[in-house]
1. When residues of the stretch 214-267 are filtered for being over 20 Å from Ile121 (Cα atoms) and not in a helix (DSSP H, G or I), how many remain?
2. For the stretch 253-269, which positions are of a type in the set (Lys, Arg) and surrounded by 15 or more Cβ atoms within 10 Å (Cβ to Cβ)?
3. Given Arg192, Arg200, which one is touching a residue at least 24 places away in the same chain (Cβ under 8 Å), under 18 Å from Phe22 (Cβ atoms), open to solvent by 50 Å² or more (accessible area, probe 1.4 Å) and under 17 Å from the mean Cα position of the chain (by Cα)?
4. Would you mention how many residues in the stretch 145-168 are open to solvent by less than 20 Å² (accessible area, probe 1.4 Å), under 19 Å from Ser191 (Cα atoms) and of a type in the set (Gly, Ala, Ser)?
5. Where the second residue is open to solvent by less than 20 Å² (accessible area, probe 1.4 Å) and of a type in the set (Gly, Ala, Ser) and the first is part of a helix (DSSP H, G or I) and lies in the stretch 111-126, which pairs have Cβ atoms under 8 Å and are six or more apart or on separate chains?
6. Between residues in the stretch 158-178 that are part of a helix (DSSP H, G or I) and residues that are among the hydroxyl-bearing types (Ser, Thr, Tyr), which pairs lie under 7 Å by C-beta distance while being six or more apart or on different chains?
7. Which of (1) within 19 Å of Gly109 (Cα to Cα); (2) of a type in the set (Lys, Arg); (3) modelled with pLDDT under 80 is the odd one out, the single condition Arg76 does not satisfy?
8. Which is at pLDDT 95 or above and under 22 Å from Ile205 (Cβ atoms), of Asp50, Asp45, Asp59?
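The values are calculated or read from the model by the stated rules, or taken from the named source; none is laboratory data. Quantities reported herein were computed from a predicted structural model and do not represent experimental measurements. Positions of Cβ are backbone-derived with ideal geometry, glycine not excepted, and every protein chain shown enters the neighbour counts. Side chains are part of the model used for accessible areas, which takes the heavy atoms of the whole protein and leaves out ligands, DNA and RNA. Shrake-Rupley method; radii C 1.70, N 1.55, O 1.52, S 1.80 Å.
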Amino acid sequence: MKRLILTVAVFLVVAACKTNPFTGKSTLNFYPNSQIFPMAFAQYDEFLGDNKVITGTSDAQMITRVGQRIASAAERWLSANGYPGYLKDYKWEYNLVDDETVNAWCMPGGKIVFYTGILPITQNETGIAVVMGHEVAHALADHGAQRMSAGMLQQIGAVAGNVAIQDPEKRNMFNQAYGLGSTVGVMLPFSRSHETEADRIGLQIMAIAGYNPDEAAQLWQRMKAQSGGQAPPEFLSTHPSNDTRISNLTAWAPAAKQEARKFGVTSFK
């Protein structure tokens, strides 16, 4: 049984490598778009049915306008870098939802929601582009599928340990140590790496779309002020700290502008 579990895990890892077009690195992904997109689309429709979607306002129109520009910029970059057709199965949709939560998200396949609660932080169209670029980057890099894949491996490891350890007391100790160790030592750093990757990809895309990447660090300054400094230590969080993000985005902005110039973009909103 132990050997079977190990064999399955190794097979999944070897068979499930996919190249991230933005980094050139192989990623862990057990879920093809043909499997995960329909699930995401169905969940998105269900979410919209259960929440108040705002339409026809200037804010709702701005969300759509920025989203379309970001998606177009992503397609231009992908086509220019040898990935034509990468977005063929994406079904872009942009919705503003009446909710005080300071958040936005993009599901696999390009289904996007902005909550009204984040608008006072974004303040303007460029601020929306910062958030939009980041969320779209998660979808472009298959981060959702990667997290699901990592979760599957985490579960396989737990099952293997429970099968291997026969003593109930030792098994209980293993479960506690494995749960904490695999979360703090693997899953949380994995999530933070995705957030950092999405920040960098999103910065590049928003610049190609004509939005000033310098605004990204300024937005996270506002995010930091809004949080009042209430955040867990970075190593216990799914996200990098505000200060880490501000530092990274400030350092990356010049390269994002340089990338945008390759597409004829020399001035920014």
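1. 10
2. We begin by selecting, within the stretch 253-269, every residue of a type in the set (Lys, Arg); these are 257, 261-262, 269.
Selection gives Lys257 alone.
3. Details: Arg192 fails: open to solvent by 50 Å² or more (accessible area, probe 1.4 Å).
Exactly one residue qualifies, and that residue is Arg200.
4. First, pick out the residues of the stretch 145-168 that are open to solvent by less than 20 Å² (accessible area, probe 1.4 Å): 145-146, 149-151, 161.
Still in the running and under 19 Å from Ser191 (Cα atoms): 145-146, 149-151.
Checking the rest, the ones that are also of a type in the set (Gly, Ala, Ser) come to 145, 149-151.
Selection size over the stretch 145-168: 4.
5. Filtered contacts from the stretch 111-126: Ile118/Ala104; Ile121/Gly127.
6. Listed by first residue and then by second, the contacts come to Ala158/Tyr178; Gly161/Tyr178.
7. Answer for Arg76: the failing condition is (3).
8. On the way: Asp50 fails: under 22 Å from Ile205 (Cβ atoms); Asp45 fails: under 22 Å from Ile205 (Cβ atoms).
Result: Asp59 is the single residue among Asp50, Asp45, Asp59 that is at pLDDT 95 or above and under 22 Å from Ile205 (Cβ atoms).
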